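Undergrad: Below: one structure in structure tokens.
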Amino acid sequence: MTPPTGPTRLTRRGFLGTAGAGVALAGVGAAAAACSTDGTGDTPVGIVPFRGEKQAGIVTPAQDRLHFVALDLTTTDRAQVKGLLQKWTAAADRMTVGAETAPGGAVNLNPEAPPADTGEALGLPAASLTLTFGLGPSFFDKLGLGAQRPPGLAELPAFTGDQIDPALSGGDICIQACADDPQVAVHAVRNLVRMGFGTTSVRWSQLGFGRTSSTSTAQATPRNLFGFKDGTNNVKAEDPAGLDEHVWVRPGDAPAWLVGGSYLVARRIRMHIEIWDRTSLAEQELIVGRSKGIGAPIGGEAEFDLADFAAKGADGEPLIGPVAHIRLASAQALGGVKILRRGYNFVDGSDGQGHLNAGLFFIAFMRDPHTQFVPMQRALANADTMMEYIEHTGSAVFACPPGLRDGQYWGQAALES
Amino acid sequence: MSRHSSAGIAAVAFLATAALAGCTSTAPSGGAPGAAGGPIAVKANDSACEVGTVEAPAGKITFSVQNTGTKVTEFYLYATGDRIMGEVENIGPGLTRQLIVEVPDGGAYTTACKPGMVGDGIRAPFTVTGTAARSVDSNTKLAEATAGYKRFVSSQVEALVPKTQEFVDAVKKGDVAGAKALFPIARTYWERIEPVAESFGDIDPKIDGREDDERDPGVQFTGYHRLEKDLWVSGLQPDSNAIADQLMVDIKDLATRTAAVELTPVQLANGAKELLDEVATGKITGEEDRYSHTDLWDFEANVQGSQAAVAALRPVIDEKDPALGPTLDTRFKAVDDLLASYRTGDGFKLYTELTAADTKKMTEVVDALGEPVSQVAGVVTS
């Protein structure tokens with residue numbers, strides 16, 4: 001291989017070359033302006049605008065890959081935290097358009113210094129990267145911002161069957177990186193984590209290799225590791241009334257900085273897939289309440305047929321059993337409660353006992369965890385037969401502010417309230 | 001010893017050229033007088049550090065340090081950021097040793113005695129007045145940085161040789177308890193200057209190799225860790241004395257070679273970073289001292305060595321990136337503070353007494369420090 005000569009500059013593919021964005025991207029501020037058009041018109045394919053009324057990565061059509069990280073503050077110095085949030089935001093502005101964290105950061109700066117960008121995304125496009133930012137309850141306590149702590153961040157109760165590992169739970173800050181390419185998502189998290197050393201430390205992190213939800217009617221419903229379509233009845237981007245009702249925090253719900261944002265509930269759900277795989281197809285379908293093939297509710301014909309929870313079979317028993325997963329989790333059973341699911345399948349290697357350490361990393365967005373997630377999970381934990389095949393091993397709640405306008409940085413409104 | 005890089009750096013990293021220039025930290029008694037009024041007397045005991053005067057004019061300053069206590073002590077003169085202007089190590093009870101230090105700039109300095117050679121020591125302010133005539137551009141500052149770090153290396157070697165001799169003597173006498181007590185102390189001087197030792201690719205594996213390192217046929221497992229295994233695990237062996245003698249030969253070989261080593265500022269900066277890499281991969285993991293579990297002694301020594309290299313470069317860092325120095329100060333202090341919480345007596349808790357929460361805290365402070373230290377090489381070459 002011939003070493004590069006002269007002023008050759010390696011860049012991330014599609015960055016300098018992208019029409020429209022390319023010119024603007026010489027400066028980050030300009031890049032942000034070019035990309036804040038809220039997904040309409042000029043935005044190049046594969047770039048999801050980082051700035052806008054809402055944070056990207058919530059109703060954005062769910063990308064296939066996830067790297068989620070929860071961080072703890074290692075300082076109580078507000079100015080230091082502000083400095084990091086500004087650095088993170090500048091890097092996020094760049095990475096979400098397929099650029100390095102700093103111009104020429106991977107290979108074109110001082111060779112005696114460690115590269116400013118770690119480099120594994122060189123040559124890769126933006127890959128629909130979204131970076132979604134949230135604040136955990138202890139963020140406010142550590143920085144003396146107790147008055148700004150939103151009520152929805154109150155601790156979740158313990159649920160029947162929980163096996164929560166504190167080392168996989170909680171956190172002062174979360175960053176959800178979703179992309180079409182896992183390397184792009186990992187690159188983003190890795191570089192943000194690196195910038196945080198001395199101000200934050202990683203508490204836990206989770207990779208997800210495949211989406212388990214659709215957040216847009218344009219997407220097919222994917223399958224979880226039980227082999228079933230998941231989230232058929234999700235709240236979707238095309239239903240603004242549903243989003244307002246179930247997902248976005250309203251005035252009066254929380255401190256002003258969170259209005260228009262959303263709460264994120266994360267649950268690491270270990271699936272005992274080896275045991276599930278020994279379960280008959282009929283039993284699997286009874287447990288879920290849907291057919292495994294097309295995903296139709298039992299008694300229905302097609303995936304999106306409405307589930308008829310009143311229908312009875314020839315034996316007089318309900319077709320969809322009293323403890324079927326879709327019945328317990330349904331809006332009908334929960335007084336109209338819905339959430340926006342955005343979870344991912346994971347396999348974290350094996351467990352040392354000969355089983356795959358696999359499951360579903362559940363992520364959901366909602367207006368209030370305590371009136372939406374809590375009753376839903378309580379119903380499932382107490383009755384769902386599926387609980388025999390799963391256990392919840394991690395848990396966290398974060399408050400995700402609304403989107404950023406030009407010039408704003410992550411968490412600014414909460415920090416400067 | 002680094003697990004992955006010992007031979008790779010090789011001697012090319014450090015050109016052996018000129019002999020050690022300038023003053024050393026251990027001039028014989030009756031040596032050069034102070035700039036005005038002769039040597040400044042320092043009386044050091046186990047709980048006090050009495051410095052005869054708290055002010056001296058810029059230029060050559062001589063301290064005469066008398067240890068009237070019961071513990072081995074050290075004496076330092078620090079500039080901002082704990083930059084070591086000069087130090088004298090390993091002053092045994094009853095001994096007097098001299099420190100001659102060149103201080104060109106007036107300003108606020110700090111003296112410190114370290115009875116038992118632990119912690120920050122007993123500190124006091126020391127003022128230098130006026131300015132010695134000279135011109136200081138960046139290149140001069142860089143040259144002073146490398147010269148200052150060479151003094152540090154030299155002082156460590158001067159303590160490493162006798163301390164290792166004591167350790168070796170204890171092994172050869174069959175004094176297992178005495179040898180065990182000396183093992184982490186002798187290694188302190190080694191660990192502070194490890195990147196320099198590693199630059200001599202052949203010497204590091206002999207002194208600091210691990211049992212599971214791949215060796216050429218016929219090459220034995222030798223050095224500190226072989227004796228560590230004998231002392232803590234297998235008991236002294238028929239060849240333990242021969243291994244001890246060989247360690248002394250290798251340490252003296254190192255001492256001879258370091259006297260001629262010539263360092264560049266980038267090598268100093270990278271050495272500072274490598275020492276923290278060592279902490280992250282060898283000490284926080286308990287890998288280095290797997291038989292004695294005295295890893296925290298090595299941890300502290302690595303950090304001190306890193307700080308000495310960074311401190312030597314401090315004037316250049318302050319000139320080129322004024323924000324970096326204070327960040328380094330804060331982060332080094334966080335590591336020192338955390339380590340201090342694991343101290344027991346003159347030593348540390350054993351690695352086996354640490355919990356996962358302890359090592360996570362250590363990882364956090366070392367990560368926090370490693371990032372700005374990794375920027376130093378770029379800053380001094382900018």
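FYI, it's all coordinate maths here, none of it is from the lab. These numbers were taken from a predicted model, which means no experiment stands behind them. Methodologically, a virtual Cβ is constructed for each residue, glycine included, from the backbone with ideal geometry; neighbour enumeration extends over all protein chains shown.
Undergrad: Straight-line reach only, C-alpha to C-alpha below 20 angstrom: list the lysines that B:Lys252 could link to, leaving out same-chain residues fewer than 8 apart.
TA: Counting by Cα, and skipping residues close in sequence, B:Lys252 has these lysines nearby: B:Lys150, B:Lys163, B:Lys172, B:Lys206.
Undergrad: Could I ask something else about it? If Lys and Arg each add +1 and Asp and Glu each add -1, what is the summed charge of the other residues whose beta carbon sits under 15 Å from the beta carbon of B:Glu262? Each step should come with its number before you reach the end.
TA: On the way: positive: B:Lys150, B:Arg151, B:Arg257; negative: B:Glu144.
Local charge sum for B:Glu262: +2.
Undergrad: Taking Cα pairs under 8 Å and at least six residues apart, what relative contact order does region B:280-382 come out at, in percent? Don't skip to the end; give the middle numbers.
TA: Numbers: 75 pairs, mean separation 40.1, N = 103.
Relative contact order here is 39 percent.
Undergrad: Whole-Hz Karplus ³J(HN,Hα) for region A:298-306, in order, using 6.51 cos²θ - 1.76 cosθ + 1.60 and θ = phi - 60°, x for Gly and Pro?
TA: Listing the rounded values in order: 4, x, x, 10, 9, 3, 8, 4, 5 Hz.
Undergrad: Mind scanning B:Lys43/B:Lys71; A:Lys142/B:Lys333; B:Lys114/B:Lys333; A:Lys54/A:Lys87; B:Lys141/B:Lys283; A:Lys87/B:Lys273 and naming the pairs with a C-alpha gap bigger than 25 Å? Intermediate values should be presented prior to the final figure.
TA: Numbers: B:Lys43/B:Lys71 13 Å; A:Lys142/B:Lys333 21 Å; B:Lys114/B:Lys333 17 Å; A:Lys54/A:Lys87 20 Å; B:Lys141/B:Lys283 33 Å; A:Lys87/B:Lys273 23 Å.
Too far apart for the 25 Å limit: B:Lys141/B:Lys283.
Undergrad: If you average the sequence gap of Cα pairs under 8 Å that are 6 or more apart and divide by the length of chain A, what percent do you get for the contact order? Before the final figure, lay out the partial values.
TA: Values: 926 pairs, mean separation 93.8, N = 417.
Value for chain A: 22 percent.
Undergrad: Moving on. So how tilted is helix A:373-383 from the main axis of chain A? Cα-based, degrees 0 to 90, rounded to 10.
TA: Long axis of A:373-383 versus the principal axis of chain A: about 40 degrees.
Undergrad: Note down the relative contact order for chain B as a percent, whole number, built from C-alpha pairs under 8 angstrom at least six residues apart.
TA: Values: 704 pairs, mean separation 68.1, N = 382.
Once normalised by length, the contact order is 18 percent.
Undergrad: Also, I was wondering about something else. Among the lysines, which have Cα under 26 Å from the Cα of A:Lys229 when same-chain residues fewer than 8 positions away are ignored?
TA: Filter leaves A:Lys292, A:Lys312, A:Lys338.
Undergrad: Using the Cβ atoms and a cut-off under 12 Å, what net charge is assigned to the surroundings of A:Glu120, where Lys and Arg are +1 and Asp and Glu are -1?
TA: Details: positive: A:Arg12, A:Arg190; negative: A:Glu100, A:Asp117, A:Asp181.
It works out to a net charge of -1.
Undergrad: Restricting things to Cα coordinates, could you compute the convex hull volume per residue of region A:124-214 in Å³?
TA: Values: hull volume 13.2 nm³, N = 91.
Cα convex hull per residue, to the nearest whole number: 145 Å³.
Undergrad: Additional query: Under the rule that an exposed site lies in a DSSP loop and has at most 16 other Cβ atoms within 10 Å, name the longest stretch of chain A with no chymotrypsin sites (Phe, Trp or Tyr not before Pro) of that kind, not counting the sites themselves. Please list the in-between numbers first.
TA: Values: sites that count: A:Phe209, A:Phe304.
It runs A:1-208.
Undergrad: Taking the square root of 5 times each eigenvalue of the Cα gyration tensor, what semi-axes in Å does the equivalent ellipsoid of region B:31-134 have, largest first? Provide the component values of the computation, followed by the final result.
TA: On the way: eigenvalues 100, 41, 22 Å².
Sorted largest first and rounded, they come to 22, 14, 10 Å.
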